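Just so it is clear, none of the values below were taken in a lab; they were calculated from the coordinates. Keep in mind it's a predicted model, so treat the numbers as computed, not measured. We place every Cβ from the backbone using ideal geometry, glycine too, and count neighbours over all the protein chains shown.
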Amino acid sequence: MPNAFSRRLTVRRALDRLRARAWPILQTAVAAVGAWYLAKLLISDAQPVFASIAAVIALGATYGQRPERAVELIGGVVLGIGVADILIRAIGSGPLQLGLLVVLAMSVAVVLGGGPVLVTEAAVSAILIVLIEPTNAGFPPTRLVEALAGGGVALAISALAFPLNPILLVARSTQTIFAELGRTLEEVASALAERDSGRAQAALQSAREIDEDLRGLEDSLSLGRETARFSPGRRSSRDAIERYARGMRHIDYAVRNTRVLARHVGRYLGAGGEPPPELADAVRALAYAVWALAAEFDRETPDGREVRLHASSAAARATESFEGNRDLGLAEIVGQVRSTAIDLVRAAEVGTAEERSEELATEELLIDLIRPRERGAA
């Protein structure tokens, strides 16, 4: 049975997904209404339903996709409507005619060299023509004008009038990862402090689920780059997006190391291990470093100092907890704490004045992290 932490995490992820898609949903509704009124101005049809359909397909179904996919979808809509509107007068409407129209629309799309998206949308549009207005289809140019109007409105809204904010999109995806990573590390720290192997296993499951958010970040970066390239008003976002892209590699490493850390802690506690108190403090310091990293990525001029402070504390405390102890299970945990601390520091350095074109070797950076605390103790 999932514990309360897992249930809260599931609900929070659902709300985060809705917040991330709220703006595109509103854009789609605006595009449907705008396409309707544009089609009314261009043609005399009292119900230009296909204009709204084309707008929704082109804008709503292509959220997170490249502009080429949107154009392909519009092409499929136009092709399907055109084929169906021409042939329905000759063969009539009905179940058999519906099947024949789907075959013909998809065949024409294939002959023209269309991809899977165009072929499928051609079939869908042909079906809509038969089912929505089986006996009262207008002249072919009328329906084609509606489809083109809907597609044009969708592209104009997405690229020119209301382009999504690529930095906000990428930042939300990144902050979701930071939030879940920080909470997972806190759970690992609590598991160590309470010597609760079950809690460590729950934290391991939460760490595994962050992989889905990492894939979401990859999609957000891809869409953000496309938006910055094609939308004139968003081209200034390119440098900030690339900063997130450079940091993503280290964030990915930190998530992987946290997953391994949770696995080692669960195995160590399950075997009856007795972790020293400093080890829980070290993992909790990693969580503090993650929260600080989240704040760093929200700043225009990051410096990484707070992240480095907490990461140094984590690495030093973990090292202290292992002094005089030769337990292999404890050594695995300490190693993962130190590796995660390094990943967080490197992620914090992205975009700062101290960003290195050639990274320090792992051991050299680790010595840099531990040394300040040793000096303070002296």
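Values computed for the structure shown
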quantity	calculated
Residue-span extension gain [Glu218 to Ala22] - 0.36 nm each, minus C-alpha spacing	68.6 nm
Euclidean distance of C-alpha centroids, region 232-277 and region 161-229, integer Å	9
Coordinate range along principal axes, alpha carbons of region 244-354, Å, largest first	47, 21, 17
Environment charge at Ala280 (Cβ cut-off 14 Å; Lys +1, Arg +1, Asp -1, Glu -1)	-4
Peptide ranges 340-346, 86-92, 290-296 listed from the most packed, as the mean C-beta count within 10 angstrom indicates	340-346, 290-296, 86-92
